[in-house]
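Take a look at the structure set out below.
The values are calculated or read from the model by the stated rules, or taken from the named source; none is laboratory data. The model shown is predicted, which means the values in this text are computed figures rather than measured ones. Note that each Cβ is placed from the backbone with ideal geometry, even for glycine, and that neighbours are counted across all protein chains shown. Accessible surface areas use protein heavy atoms only, side chains included; no ligands, DNA or RNA. Shrake-Rupley method; radii C 1.70, N 1.55, O 1.52, S 1.80 Å.
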Amino acid sequence: MFVICEICDITINTAEEYDRHISGKRHINHLNYYREKKQHAMCSVFVKGFPPKTTEWELKVYFNNFGPVDKVIFDKKDEKFPQYAIIEFKYDQAADNCLSYTHPHILNSTKLNVRKRDFKELSETPYFPWQKERGQQNHSWNQPGGVQHAHGPPQGQYDPCWDTQMGQADFHNPTGDPGYEPHWQMDGGYGSNMRNFDPNYDPNIYPDFQGGYGQQGQDKGQGNQGQQGQKGQPGIPGKGKKKKKKKGGGNPQPPDKPKIKREDVIDLPVTVEDFLQEMMSQTQKGIQAEMGVLADMIQVTSQELQSRYVICKTLEDVLSMFFPGVGINQFGSSVNGFGIKGCDMDVFIDLTNLGIPCRSQAIELPYVRDIRFLKKQKGPLGHDDIVKLMTIDKAKLILRILIEHAPACSDLTLIPSNRCPIVRFTHLESGIKCDLSIDNKLALQNTRLLQTLSLYDQRVRPIVYVVRYWAKLKGIAGNPRAGPCLSNYALTLMVIYYLQNVRPKVLPTVQEMADLCGNQRTIINRWDCSFVAAQFIPPTMNSQTTEDLLAGFFSFYAEFDFHTMGMIMRTGQPFAVSEAANLAIPMKMGFFNIQDPFVLDHNITFNINEKTRQLIAVEFRIAAAKAAKWKQPEKTASKTILDLFTEDVPEGVEFSDLTSKTSSGIQLGEYQFTLELKVDALDQGLIHTLRKTGNLQVAWCRKMCVFAYGILERVLMYDIEINKTNLTEPLPKSRYYDHKTKGRKRANSSESQEAENKKTKTGTTTEKPATSTEGQNSAKATVSVLAGPGMEAMPGEGTDSKSTEGAEAAAVQQEVPMDEENQTDYEDADVYLDMDIKIFCRTWAERKKFMAAFKARGYSDSVELEQAVSERLYYDHFKTAKSPIVEYNFIVKSIVAGSTASLLFTVQGDKDQKEFYCVYHYIKKFITKMADKHFT
Ligand code: UTP
C-alpha cells in the first residue's frame, strides 16, 4: 500500500522511503514553499465588482482601513479591464478584519464583492488514501493495507459493462469472504518500490473520455491524487526544470558514463545523464527503485495535463458554436496512463450526437463551397447537415473553422487519409502538438482498454515506461520521424502481450475481459470492443517483481521470431505468419505482425519494414543479454537499468538477424528464401541417381526445382505460366480449370490432351509457353514431377513409358525468349525457372482439418495425401475466386559453389494485394516443409 504526499504530489510505498522522503531536501523545500503560499493566502482577500478604471492606489487606500496593505495584484488576463484583484495585507489579522466587516464594502459608489482568497489546503503529512476520505490522517505504517473502494463508472456512458455487469457492487469479491483484499492492494505487496502508481481508478486522475477532456476531474480537487496532481496546487519550485547536477560529496561514485546511442538526436523526455544524476541522489538502489524513479521523471506532468485540458476547452468553445453538442475526447497516452512528458495529444472530435441547431444564432461558416453535400453557408450545423459529409470533408470543415476562430492553434494542417484524416496543430502557449480525428471511437475504446490494464496491476506502468524510454532511445519506437518504427501503441501492446503470456499470467487476455461482460457487448463499427473494468477482473496469481518481469519481457521478445510469427492481441496467442490466411478475419501481413485487440483486420505494425524488424530483433537480444546479467550474483551490487540504455553489446549477441542469412551465407532480400542441399541427409539411392548425371549439386538443384514446381502446381493447385526456364525435365500441367465459365472440371478428355500435344509440337520459341490452365497431364506423369529422394522408388515414378511420353508431350516450351530489358541475372545459373503464379483457391484454408480427417482414414503423410487434400478443398469445398486472390512471379535459380548448393526463390508481385505477404509466407513454409520431408 502507499501513502500520498500532497506537498510533493507523489506517493510513497515503503516505510524507509517515507522516512527518507520527509527528511529529504525536496520535501522540505516544497513544504516551506507551500507554507509561504499559505501564509500569503491567509493575509489576502479576493475582490471583484470594482468599476473598470479603478486604480491600484484607490484599492490600497480603501483596504488600508483594515490594516497595512502589502500588495495589490490585479487580474493578469485582462490588464486593461481587470475583473478581480487580490489584496495582500501585511498581517493575517488585517484580512480577518476585512472579511468580518459586517457592512458592504463600497468604493466609488460601487459595491465590492470581497471574499476569502481561494487556497487549496494540502495535508502537510503524507496519508493513506482512505484516511483522506474518512478525514483521519493519523499515519501509521503498521496499519494493514485497506481496500480502496472500487469506483463506479466514470462519468458518461463509458461502457455498458460498468453500469450493468456488477451493478453497484463496491468491489468484486471473487471469494465471497468479507475480509477479502485483492492481491494488488495488499500492504507490502510486490512492486513495493513503485512510486506514484495508483492501482485504482479515480476519475480525478484518469479522467473519463466521453463528454470530458480527460482532465475535468482535476477541478474537483479531491484527495487520492496519485500522481497527476491537481488544479490549484501551488507551483512547485523547480519542478519540470532540468535538475542541477549534484557534486560528488559522499555519494557513491557514478558508474562510468555510459555510451548513449543517438541521444542527442532523439527527443527524450529526460536525458540519461539527468536520470543518472537523479539515481545518484537516491538512497534506495536496485532495478525496481530505478524503474520507479525513471517512470516518475518521464511521466507527463500535472501542468501538462492541465494545458491539455485548456486546449480541449478552447476546441469546445470554438467548435460548439458550429456544432452544438460536439464531443471533445482525449485518447492516447495523454489519458491511457502511459503518457510521457511532451507527448503529443490525440483528440477525437465526436460529431455523432449533435444537438438541434438554434437558427436564431446563425454563424457564418468558413469557405465551404468545395465541401460536397454541404450546401449551407451559415451554421450552426446539426446531425442532418453533416450526416452525408465524408470524413475528409468534416476534417476540412473543422480545419477551416479553427483557422478562422482559434488563434491559439498554430500550424494548422490537414493530413488526408481515407481511413482517418487528421487535423494537426500546435497549441501556441504550451507548444503541445495536437492531432484531431473524427469518427475514431475505436481509438477511444482501445485507450480505455490500456487504461484499464494499467490500473489492474501496478507493475504494468513502470514496465511500460522503461520500455518506452528504452525503445525511444534505441530508435525502434515512438519516433516516427526517424523512419518506420513501432508506434507507442504497438509497443505498449507488446508489453501487454508479454504480461498475458508470462506464467502465471499478470494480465488477462482481452477475450477473457470481454467474456466477463456476459451479454452486455460494446460493438463499435461491427467490432466487439467489450471488456470489464479493472475491479471486475479476478486478481493475478503472479507475484514476480517488476525487475523480473522487465528482464522477462526482453528475453521473451529476444526469442520471439518476428519473421515467422505474429501476435493476436485479443487472445494473447501467437500465430504463424504462414498460417495467417487461416485467421478468422484476414489481416494484411507485413514484416512485423500484431493484430489489433478490437479491429481484427488491422495489423498495427504493418508499417515496419524488413530493416526495422531486424533492428528491433537485435535490440531485444542485446537488452535480454544485459538484463540476464542482473541475475548473476556477482553483479547484484552494481546492477542498473542504465545498462539497457548504453550502446554496449554483450558478448555472444548475434548482431545481424539470422533469419535473413542462409547457412551458406547468402544474404536474402525481402521476399527471398532458399532450399539448401544437405547431402548427409539424402538417401543413398538418390545420391547415386544424382551422381549418375555428373554433378550431384546441379542434379539436386534440377530435381528440387521440378519438385518445387510440382508442389506449387499440383499440390497447392496454383495456376502457373512459365516464362522461361532451362530445365529439360518435363513440367507438365496437371489440370484444367476454366475460371471464366466457373467450371470445376479436370480436363482429362482426349480433346484437351490432343490440343495440348498439338500445341507443344507446333510450338515455336516465340510462342507463349503452355500453362497449367491450358491442359493437364496424366496423374502418373504428375507424380513423377513430385518424385522425391527415391525417384525410382516413389509411386508412379516415370517408369511407365506412356506416362513419360505424356509428361513430355505436355511439357512446357523450355526456351521462351524474354524481352531484353526483362532479362535478369538468373540465366547464368545452372538451373532456373521463371514463372507467373495465379492463385484462385484457398487450398491452405482448413487444410489441417482435412489432413487429420484423411489420415484418420488411413492415408499416410505423403505428397499424395497433400494432393488429395488440396483436390478435396479445390473441387468440393471452396468456391474459387473469379479473379486471382493473389498473383506472384517466382524466379527459382540454383546457386552452386563447390560442394554446396541452394535453390534461391525470389518472389515478386504487387505488394498491395491484400494477402501478398501471408500467402508468400505460407508458400515458403509449405515448400520448405515438403522439401525437408521428402528430401532429407
Ligand atoms: P500512439 O502510438 O501515438 O500511442 O497512438 P500513444 O500511447 O498516444 O503514444 P505517444 O506518447 O502519443 O507517442 C495514439 C492512439 O492512437 C490509437 C490508440 O488509441 C493510441 O492510444 N491507435 C494508434 C490505434 O487505435 N491504432 C494504431 O495502430 C495506432
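As I understand it, the dipole of the stretch 285-409 uses +1 on the Cβ of Lys and Arg and -1 on the Cβ of Asp and Glu, about the Cα centre. Which of ILE363, CYS409, PHE323 lies farthest toward its positive end? So the residue furthest toward the plus end is ILE363. A cut-off of 5 Å between modelled amide H atoms, ignoring neighbours fewer than 5 places along the same chain, links LYS724 with ASP834. The number of Lys pairs in the stretch 505-656 with C-alpha atoms less than 27 Å apart, excluding pairs fewer than 8 positions apart on the same chain, is 10. Each residue, GLU404 and TYR84, gets one label point 7 Å from its Cα in the Cβ direction; the gap between the two is 3.4 nm.
The peptide list 331-339, 399-407, put in order of mean Cβ contacts within 10 Å with the highest first, becomes 331-339, 399-407.
When the residues GLU676, GLU290 are ordered by accessible surface, computed with a 1.4 Å probe over the protein chains alone, the sequence from largest down reads GLU676, GLU290. When the listed pairs LYS37/LYS90; LYS849/LYS882; LYS882/LYS924; LYS879/LYS911; LYS38/LYS120; LYS703/LYS924 are checked against a 20 Å cut-off, the alpha-carbon distance exceeds it for LYS849/LYS882; LYS882/LYS924; LYS879/LYS911. Remark: the LYS376-ASP75 segment gains 104.3 nm on full extension, using 0.36 nm per residue and subtracting the alpha carbon distance. With the highest mean first, a sort of the peptides 702-715, 425-438 on other beta-carbon atoms found within 10 angstrom per residue produces 702-715, 425-438.
ASP932 sits with roughly 70 Å² accessible to a 1.4 Å probe, with DNA, RNA and ligands left out of the calculation. Charging the Cβ of each Asp and Glu at -1 and of each Lys and Arg at +1, and nothing else, the dipole of the stretch 273-421 about its Cα centre rounds to 940 debye.
Protein heavy-atom accessible surface, 1.4 Å probe, per residue over the stretch 304-366: 35 Å².
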